[in-house]
1. If you take the residues in the range D:271-283 that are out of contact with any Ser or Thr (no Cβ under 9 Å at 6 or more places or on another chain) and crowded, with 24+ Cβ neighbours inside 10 Å, which one is nearest to residue D:204 (Cα to Cα)?
2. List pairs: first in the range B:101-126 and within 12 Å of chain D (Cβ to nearest Cβ), second of a type in the set (Phe, Trp, Tyr), Cβ under 6 Å, 6+ apart or cross-chain?
3. Looking only at the range D:144-166, count every residue that is out of contact with any strand residue (DSSP E or B) (no Cβ under 8 Å at 6 or more places or on another chain) and of a type outside the set (Gly, Ala, Ser) and tell me the total.
4. Take the range B:52-65 and flag every residue that is assigned to a strand (DSSP E or B), under 23 Å from residue C:379 (Cα atoms) and at the interface with another protein chain (Cβ under 7 Å from one of its Cβ atoms).
5. Going by the structure shown, is residue C:43 farther than 13 Å from residue C:5 by Cβ and more than 10 Å from every other protein chain (Cβ to nearest Cβ)?
6. Please enumerate the residues belonging to the range B:41-85 that are among the polar types (S, T, N, Q) and more than 22 Å from the chain's Cα centre (by Cα).
7. Do the conditions hold for residue A:8, that is, is it surrounded by fewer than 23 Cβ atoms within 10 Å (Cβ to Cβ) and out of contact with any Gly (no Cβ under 8 Å at 6 or more places or on another chain)?
8. If a residue has to be more than 8 Å from every other protein chain (Cβ to nearest Cβ), assigned to a loop (DSSP other than H, G, I, E, B) and acidic (Asp, Glu) to count, how many in the range D:318-352 make the cut?
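The values are calculated or read from the model by the stated rules, or taken from the named source; none is laboratory data. Fair warning: this is a prediction, and the values are worked out from it, not measured in the lab. Neighbour counts run over all protein chains shown; Cβ positions are idealised from the backbone, glycine included.
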Amino acid sequence: MTIWLETPAGHRVEVLTTPGPEGTRTVVRAGGGDVLVREVMLRQAPNGDWMVESGGVTRTVQVTEDRDVIWLSDPGATDPRSATVVLRKVMSRPSGPPADRHLCTPMTGRVVSVAVKPGEQVRRGQALVVVEAMKMEHVVRAPWDGTVERLACHVGLIVETGGELLVLDRAQAS
Amino acid sequence: MTIWLETPAGHRVEVLTTPGPEGTRTVVRAGGGDVLVREVMLRQAPNGDWMVESGGVTRTVQVTEDRDVIWLSDPGATDPRSATVVLRKVMSRPSGPPADRHLCTPMTGRVVSVAVKPGEQVRRGQALVVVEAMKMEHVVRAPWDGTVERLACHVGLIVETGGELLVLDRAQAS
Amino acid sequence: MKKVLIANRGEIAIRVARACRVLGLRSVAVYSEADAMARHVRKADEAVCIGPPEPSKSYLDIDRVMDAVRKTGADTVHPGYGFLSENTDFARAVIDAGLTWVGPPPGVIGPLQSKTGAKAQAEAIGLATVPGAVLDDPADEAVLAAAASLGYPVIVKPEAGGGGKGMVRVDRPEDLLAAVAAARRVAKGAFKSDGLFLERHVGHARHIEVQVLGDRHGQVTHVHDRECSVQRRHQKIIEESPCTAITPAEREQICDMAYRFASHVGYEGAGTVEFLWDPQTRKACFLEMNTRIQVEHPVTEVVTGMDLVVAQLRLAAGEPLSRVWQPSEHLPRGHAIEVRLYAEDPANGFLPQTGKLQRVIWPDAPFVRVDAGFETGDVVSMHTDPMLAKIIAWGTDRNDAIARLQGALRETVVHGVVCNLPILVDILHHPDFVSGNLHTTWVEEVYGIGGPALGESPDLEALLALAMAGPSGPPQRVSAREPASHPYSNGFVDPWASIAGVGFGVDGSR
Amino acid sequence: MKKVLIANRGEIAIRVARACRVLGLRSVAVYSEADAMARHVRKADEAVCIGPPEPSKSYLDIDRVMDAVRKTGADTVHPGYGFLSENTDFARAVIDAGLTWVGPPPGVIGPLQSKTGAKAQAEAIGLATVPGAVLDDPADEAVLAAAASLGYPVIVKPEAGGGGKGMVRVDRPEDLLAAVAAARRVAKGAFKSDGLFLERHVGHARHIEVQVLGDRHGQVTHVHDRECSVQRRHQKIIEESPCTAITPAEREQICDMAYRFASHVGYEGAGTVEFLWDPQTRKACFLEMNTRIQVEHPVTEVVTGMDLVVAQLRLAAGEPLSRVWQPSEHLPRGHAIEVRLYAEDPANGFLPQTGKLQRVIWPDAPFVRVDAGFETGDVVSMHTDPMLAKIIAWGTDRNDAIARLQGALRETVVHGVVCNLPILVDILHHPDFVSGNLHTTWVEEVYGIGGPALGESPDLEALLALAMAGPSGPPQRVSAREPASHPYSNGFVDPWASIAGVGFGVDGSR
């Protein structure tokens, strides 16, 4: 089976897996499938760790599939700052990114104030909605000059991370 | 559903469980089912711990089913020496205890010597078989006077805990 | 003292339960409906539900907590930190019910609740304080005048604050009024008091604090110093002991200031006197006193060998300080550093994150301690503090402690919810941190308010590990597709969104 | 020094990997086919298979280990304890390959391998030793005469022993020859040498030992004392530091004896000088010197703040002792106790147990350290030592350490394989242990050789917990019925058999 993954830096790699009695043979390719990155054997330990064997040397990593992303930790990474990376399954992603013009909340919380009405014109940087969680306020500002097309929230509403707050049309040639 | 369990001290208790939206209602009875020991609600936490609620107070225990036994740990037990107990499922036990006359190895290991032959008469306390594991020897001795009916092992054999070593008939009226 | 009810949640509730176990006391946890399966519930001997998910209707509801005390027959109440820990009404309710309150009496807590009041008390015994002004006149002109008299930048602070909530730095007069309005709203919500004051911002200052202990018989001592200058949003994220910026003589002077203040207010139990230390003048200014155990207490425990929570319980039981604390036995040794692991997105303004922790591995090595509130399968809800765990390393010196902490963070795995681990790792490798060249706005200056750009380029090792990602023969143990078992587990955060830069105010198409 | 191959398994291999991480070194694990999924493999940066399950064909096979060194490009070899740690051929092979050997040179290890040779060296510098006799003449009469000259009881010991293997106490002449024959067989198998000697049994003696360190430049120091009197089958199961039986002057004298011995033999690296201390005469007799890190090294680490494995690596790299060890910085503080958790059945002669650990929870509390070789899902095989973990607690004094360890063991859960946890808990609550009234045969005298009768009557709390046992709504996470994923996992132990008294030599029908 083959899947495509995207690294945080935006590189795409192809992962081809073939289960077998010794483990799962796994081939990783990049560059549209032309460049062989690595060929390894995978086995899963009882505690869920994955053991990666290549050339007779085994390394151990932690992998968690969570919806359309894969969390991957490698305690032996040469750069400890990238010991954990999050990879996106690009082919199997169920839905595209939120459409243009839709402003979303970056955190789960309660809407404590809505400063605009539908049809209102706003300037870039203007405060639109305030979301509060754990006693911390986050001010959602207009990323561009435009017109509020639709409100998708009201004061008191609990919104979840990525949830739509309002639709802001871009100003026409302003 | 009802199961019967036997405690290490040999007491038998009846456990009646009824799953529901709030958790699993569980009634424990002893004395042939006549004595109500406790009625509790059970819920399982994501890490596998079980939460036991009775009268609005919740306690947490660890439970592991392993074949015909149940390992049960209660870190809040009043006597820390019985913080872990092993319970036997008495009704659902697939097979009875090993039959009379069968001598078994108390540990997994390799048979390093067999001192008797079939038909040989032995005295109580006499060394019959030596099992070795992790460089430690264990001498299996005759628990009674008797005759070796059958050998079930030979030198070099790997035997597992509870595995039969030989059959020793009891001496007749000796 | 036989049974202790812990009026808190998370790692501090677990920490108190462990101290109870050492003393042979039974522990009782309380929980909101959002926390029915939480780790602090599982780690106590008993637990009682005290209400709905909102803290105001559970952890902050004195009546509900007192009901739990009665129901379980607890004879002692430990408030932890946050929630009701500095609430005089709660302390009084506990004491009036004939129970033991683990903390100073209401008469000591009360006056210290007001930060300006505490500063006045400090000034009364000759301690320096940071110049400030109370905003008792809400008129715009009065507010502007007060700030102008101090000189910009100023910091707006709630009178009854904690955890950096509602604190905001203002650099220009034109931003002041909006900042004050926002701070009033936050303060009102968080502390039920919208009293604010201004303080002059001291540039590149360090946060130094001193642990103190007092008994019920009038004896007080200090238990040495900590430094907590690594902060984001005015909240500490890395703490250490001892502070390496000051000379032994300066350290002695600061500890003595704390001792004098604690004596002056007749302190009982464990508390912390906080100072702002100006590297220009090498002077420590009194900031405030916290009348409870602090998040960062482990660094003191690790260098002194003193169990501060056990000490709290013993002092509350009436033991004299001399039995609990022997200065010669508890001299600081080596160096300790603590990092706070928060469910928050450092690449996105440190915004709190919620969701289910699909897989957590805490480190486990000699001279490393983990005080964790969460483990695999637990859910981080939007109702409470997103601190997942504290990881503390001890070393023979600061470099040794840093090396051990670096190693421990390598082994730390948190999958399912974005957390601040990458920035903690980056800080621990940053030359400024390694050389100890820190101040309270260092994180902001180095990483920006929006947070750092980290983990953008996994190296070859990570690409190797990448091979793991395919669906494979053995069944996956951890799957995000299992049905949500908890009403709050659907507050899931798509970590991809933040890493790809799709967040608030950013064009979704990238 | 960049990459360290750890020629060992289990907790000590993990311990060494962690020390490597502190020093910024990469670690390489080796494993037999039985250990392909073992925890020590997962915790190292890299791992290499070195052969079949039998240790003689893997962990004890010098050629296979050296192949792994070459394959991974390791420049340093740490042998841990047991296996090849005191094997001069191995040390020489490592050194001849131009690599760094973490331990004393073969010329120091060799002479200390012979226990009677070591005793002779001790006597040469005036140290007292336990009266003994070499059994170089295998004739029955010679053996009997040797024992008679010492006086019964005597202890038969392998010349090249370790871990109590092959040691047996003989109380009567009629048991001597059989004991000697059995000991020869065990010694031959375990140590490839059937040389034996006799030692007079010293009644109610205590085992006291001293940690030493030496550098490559002729400097040696002692790092204080440990007591390891709680033993079963001549193997330590509980260790502590400091020993509380001796006066400060006696302690100083014993530490000085160890220092003198280590200096005399030109010791390098970490080692331990062991003594038998007779409470009647209050005299310490030299027993032997172990030329490696010991299982019980953490109690010294915890009271001194000294990382002994990091010290081993630094000394092996050629650093002078003065950079690694500062006596004034590493003075012992408080008290530490370690228990060894073994997969063995205390109710059945402490026989080793094998099988799959269906569920393991290690404790996790302030001032408690766990050095674990296993976690949930791991398999205990019949081929190797059944030690699962060491749990170490520190306290301000011995009582505090005991209380913390008692609390830690309460939180410890091991399901699936019978282990010695109940007897450890019982010992920690025993009046003799609490008062420190211990000696090397105390466990046998109190609990009998067959082991104690424990956990026979669960109390009401356990009966409440019993309610948990039913099959219930939510799916069980841990199930014994999942197919065995490992060739050795079917070595399952029915714990019920032992608890019900169904075991070897007992009528199966009860």
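1. Step one: of the range D:271-283, the residues out of contact with any Ser or Thr (no Cβ under 9 Å at 6 or more places or on another chain) are D:273-275, D:278-281, D:283.
Add one more test, that the residue is crowded, with 24+ Cβ neighbours inside 10 Å, and what stays is D:273, D:275.
Working: D:273: 20, D:275: 14 Å.
It comes out as D:275.
2. The qualifying pairs are B:106/D:504; B:124/B:144.
3. 1
4. So in the range B:52-65, the residues assigned to a strand (DSSP E or B) come out as B:52-54, B:57-65.
From the residues that got through so far, the ones that are under 23 Å from residue C:379 (Cα atoms) too are B:52-53, B:57-63.
Hits for the range B:52-65 are B:52, B:57, B:58, B:59, B:60, B:61, B:62, B:63.
5. Working: farther than 13 Å from residue C:5 by Cβ: yes; more than 10 Å from every other protein chain (Cβ to nearest Cβ): no.
Answer is no for this residue.
6. Of the range B:41-85, the ones among the polar types (S, T, N, Q) are B:44, B:47, B:54, B:58, B:60, B:62, B:64, B:73, B:78, B:82, B:84.
Those that are among the polar types (S, T, N, Q) and more than 22 Å from the chain's Cα centre (by Cα): B:44, B:47, B:54, B:58, B:60, B:78.
7. Values: surrounded by fewer than 23 Cβ atoms within 10 Å (Cβ to Cβ): yes; out of contact with any Gly (no Cβ under 8 Å at 6 or more places or on another chain): no.
In short, no.
8. Qualifying residue count, the range D:318-352: 1.
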